[in-house]
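What follows is a set of notes on a single structure, which appears directly below.
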Amino acid sequence: MAFQIESVVEDKAARLTLHGELDSLSARVFQTEVEKIANQDIEALVLDLEDLNFMSSAGLRVLIYSKQKIGPKLAIYIVKPQELIVDTLEKTGLQHSVTIVDQYPA
């Protein structure tokens with residue numbers, strides 16, 4: 001399945017729904033979406049990853065970039081990630097920088 005992303009901003013939260021595989025090519029699309037929302041007044045970045053099958057290191061870099069670009073007050077929520085993605089977050093230590101939830105708002 002090709003990478004797809006939908007973006008909605010409301011109530012100081014940006015919700016990005018990612019589908020397919022987040023690799024080095026699709027990470028550019030993901031970063032472009034982050035840049036679009038970076039200048040808005042948001043406090044939460046909600047990433048719905050239920051239909052994301054794979055995340056490469058390039059995708060992880062965009063997560064780190066998101067926090068840097070939007071600011072330290074940004075809370076990042078990862079909704080329903082697949083086990084492979086949770087493993088990747090744990091191996092890199094990024095699970096400490098995000099909140100993994102089954103739904104948002106919790």
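Just so you know, all these numbers are worked out from the coordinates, no wet-lab data involved. This one's a predicted model, so the numbers in the text were calculated from it and none came from an experiment. Positions of Cβ are backbone-derived with ideal geometry, glycine not excepted, and every protein chain shown enters the neighbour counts.
Quick notes on this structure:
- Given (1) among the small types (Gly, Ala, Ser); (2) under 11 Å from Ser97 (Cβ atoms); (3) loosely packed, with under 15 Cβ neighbours inside 10 Å, number of the condition Ser57 does not satisfy: (2)
- Among the residues of the stretch 4-27, just one is touching a residue at least 24 places away in the same chain (Cβ under 8 Å), loosely packed, with under 13 Cβ neighbours inside 10 Å and over 21 Å from Gln82 (Cα atoms), namely Lys12.
- Filtered residues of the stretch 1-36 (kept if more than 12 Å from the chain's Cα centre (by Cα) and of a type in the set (Lys, Arg)): Lys12, Arg28, Lys36
- Checking each residue in the stretch 89-106 for being of a type in the set (A, V, I, L, M) and in a helix (DSSP H, G or I) picks out Leu89, Leu94.
- Between Ile85, Ile64, the distinction of being surrounded by fewer than 16 Cβ atoms within 10 Å (Cβ to Cβ), within 12 Å of the chain's Cα centre (by Cα), without any contact (Cβ under 8 Å) to a residue 40 or more places away in the chain and part of a helix (DSSP H, G or I) belongs to Ile64 only.
- Number of the condition not met by Gly71 [criteria: (1) surrounded by fewer than 18 Cβ atoms within 10 Å (Cβ to Cβ); (2) touching a Ser or Thr at 6+ places or on another chain (Cβ under 8 Å); (3) not hydrophobic (A, V, I, L, M, F, W, C)]: (2)
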